[in-house]
1. Is it the case that some residue within the stretch 67-80 is surrounded by fewer than 15 Cβ atoms within 10 Å (Cβ to Cβ) and basic (K, R)?
2. Within the stretch 38-56, how many residues are surrounded by 14 or more Cβ atoms within 10 Å (Cβ to Cβ), under 19 Å from R90 (Cα atoms) and not polar (S, T, N, Q)?
3. Return yes when L33 is touching an Asp or Glu at 6+ places or on another chain (Cβ under 6 Å), among the aliphatic types (A, V, I, L, M) and within 23 Å of L105 (Cα to Cα) and no when it is not.
Amino acid sequence: MVTPELEPYVVYRLQDGQIECAIWQLQGGPRALALFLSGESAATYQQATHPGPEWKVLRPPRQGLLHLLRACYQAGILHAVLDPDREKARQVFDLKEVLSVVGELP
């Protein structure tokens, strides 16, 4: 997932000095970090699910993305999804597996 070919965007806001990212609820199950292939798809999701000027779109650099994935995993968000909408996502990733592959699992 974290390769040079895939540099996803996130929808985020700053809340009390902390970054809060858009989270997607897996059907009947756990929450997942929402990731997007394009700024346009991230902006469309942001407008539909998190309207308001405090929510923004960001394409973090690789190290920032890895930090974000680790923080999500440590906070109990165990999955990431690619290009979600209100009903489905293109792909679901297991964050433990992703972090293990890139040698970033604490």
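Rule-based calculations on the coordinates, nothing more; no lab input. This structure is a prediction, so every number in the text was calculated from the model and none was measured. Reconstructed Cβ throughout: ideal geometry from the backbone, glycine too, with neighbour counts over all protein chains shown.
1. There is no residue in the stretch 67-80 that is surrounded by fewer than 15 Cβ atoms within 10 Å (Cβ to Cβ) and basic (K, R).
2. 3
3. Answer is no for this residue.
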